[in-house]
Amino acid sequence: MNLHKLTKIAAIVISVLSILFLAGLMASSDDADNSWISPLIYLSYFVLAACIAIVLIYVLKNLLSNKDNLKRTLISIGLFLGVFLIAFILADGSEVKAGDISVTSMESKLVSTGLNMFYILTVISIITMGWTGFNKFKK
C-alpha cells in the first residue's frame with residue numbers, strides 16, 4: 001500500500017471522527033460537556049500550524065532547488081508589491097466618524113488600498129482572459 005492511499009484513509013477516518021465529535025458537542029447542552037471545546041480548539045490550532053509549517057517547508061525546498069521557479073516567484077511577488085504600492089498611493093486616507101465609532105486615517109487608507117488592489121487585479125485578470133481568448137480565437 002503506497003503512502004497516498006494510506007494518507008487518504010487516515011484523512012477519511014479523521015474527518016469522520018471529527019464530524020462525530022462535532023455532532024456530540026453540538027447536541028450536548030451541559031456546561032460540563034462544553035469544557036471539551038477549549039482543548040479541541042487548541043488541538044485544531046496545533047494541527048493547522050503543523051500543516052502550514054509542512055507546506056512552507058516543502059514550498060521553500062522546491063523553490064530553492066529550482067532557480068527558474070524561484071526567479072518567476074520573486075518576479076510575481078515584486079509585481080504584487082508594485083500593485084500594492086500603486087493602490088496605496090491612490091488610496092484615500094480620510095478619517096471617518098460614524099456615531100461612537102471612529103476610523104483613523106491609516107485604517108481608512110488600508111481599507112481603501114485593499115479595495116483599490118481588488119479593482120486593479122480584477123481589471124488585470126479581465127484583460128488577461130480577454131487577451132488569451134483573443135489569441136486562441138486568432139489561431
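I'm checking my understanding of the structure. Among residues of the range 8-30 that are of a type in the set (S, T, N, Q) and not in a helix (DSSP H, G or I), which one is modelled with the highest pLDDT? Walk me through how you get there before you give the answer.
So the first thing to find is which residues in the range 8-30 are of a type in the set (S, T, N, Q), and the list is 15, 18, 28-29.
Filter once more, keeping what is not in a helix (DSSP H, G or I): 28-29.
Details: Ser28: 69, Ser29: 65.
Filtering first and then ranking leaves Ser28.
Check off (1) of a type in the set (A, V, I, L, M, F, W, C); (2) at pLDDT 95 or above; (3) touching a helix residue (DSSP H, G or I) at 6+ places or on another chain (Cβ under 7 Å) for Phe80 and give me the number that stays unchecked.
With respect to (1) of a type in the set (A, V, I, L, M, F, W, C); (2) at pLDDT 95 or above; (3) touching a helix residue (DSSP H, G or I) at 6+ places or on another chain (Cβ under 7 Å), Phe80 is out only on (3).
Residues Met117, Met106: which one is of a type outside the set (Lys, Arg), at pLDDT 95 or above, at negative phi and in the same structural domain as Ile77 (by TED's automatic domain parsing)?
Criteria check complete, one pass: Met117.
Could you check, for the range 31-45, whether at least one of its residues is surrounded by 10 or more Cβ atoms within 10 Å (Cβ to Cβ) and either modelled with pLDDT of 80 or more or in contact with a strand residue (DSSP E or B) (Cβ under 6 Å, 6 or more places away or on another chain) (or both)?
yes
Does Leu85 fit the bill of being assigned to a helix (DSSP H, G or I), among the aliphatic types (A, V, I, L, M) and at pLDDT 90 or above?
For Leu85, the condition - assigned to a helix (DSSP H, G or I), among the aliphatic types (A, V, I, L, M) and at pLDDT 90 or above - is met.
Would you mind finding the one in Val111, Val83 that is touching a Leu at 6+ places or on another chain (Cβ under 7 Å), aliphatic (A, V, I, L, M) and outside the structural domain of Ile14 (by TED's automatic domain parsing)?
After ruling out the rest, the residue left standing is Val83.
The values are calculated or read from the model by the stated rules, or taken from the named source; none is laboratory data. Being a predicted model, the structure only gives us computed values, none of them experimental. Neighbour counts run over all protein chains shown; Cβ positions are idealised from the backbone, glycine included.
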